[in-house]
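Inspection log for the structure reproduced underneath, given as structure tokens.
The values are calculated or read from the model by the stated rules, or taken from the named source; none is laboratory data. From a predicted model like this one, the values you see are computed outputs, not experimental measurements. Please note: Cβ atoms are built from the backbone with ideal geometry, for glycine as well, and neighbour counts cover all protein chains shown.
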Amino acid sequence: MPVRKFTSLREAEDACWYDRDDPGLWRAISAVWAFSRRVAPRRYAPGVHKARSIEELNLWTRRCESEASLSTRGSRS
């Protein structure tokens, strides 16, 4: 990887972005997604869950999210 010098912070920030047609963009996106899966995996209960009301669905969703955050916190200790 070549070493580049920048005269300003703005110039360095602009160099961090990929062009839309750059083939390295997809590799970078894939690397970010893989990193996020390792650091904070999302776990959902298997199957389809029906709710009788939006309140019941919201309660179920909050419970699942809190269980996921607790298991994530426990695995990081």
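Being touching a helix residue (DSSP H, G or I) at 6+ places or on another chain (Cβ under 6 Å) and not hydrophobic (A, V, I, L, M, F, W, C) is the filter here, so list the residues in the stretch 1-36 that pass it. The one that is touching a helix residue (DSSP H, G or I) at 6+ places or on another chain (Cβ under 6 Å) and not hydrophobic (A, V, I, L, M, F, W, C): 18.
Taken over the stretch 43-77, the criterion of being modelled with pLDDT of 85 or more, part of a loop (DSSP other than H, G, I, E, B) and surrounded by 10 or more Cβ atoms within 10 Å (Cβ to Cβ) is satisfied by 51 alone. When the stretch 6-17 is filtered for residues that are of a type in the set (S, T, N, Q) and either within 22 Å of the chain's Cα centre (by Cα) or surrounded by 10 or more Cβ atoms within 10 Å (Cβ to Cβ) (or both), nothing remains. For the stretch 18-41, filtered to residues that are assigned to a loop (DSSP other than H, G, I, E, B) and surrounded by 10 or more Cβ atoms within 10 Å (Cβ to Cβ), the residue that is farthest from the chain's Cα centre (by Cα) is 22.
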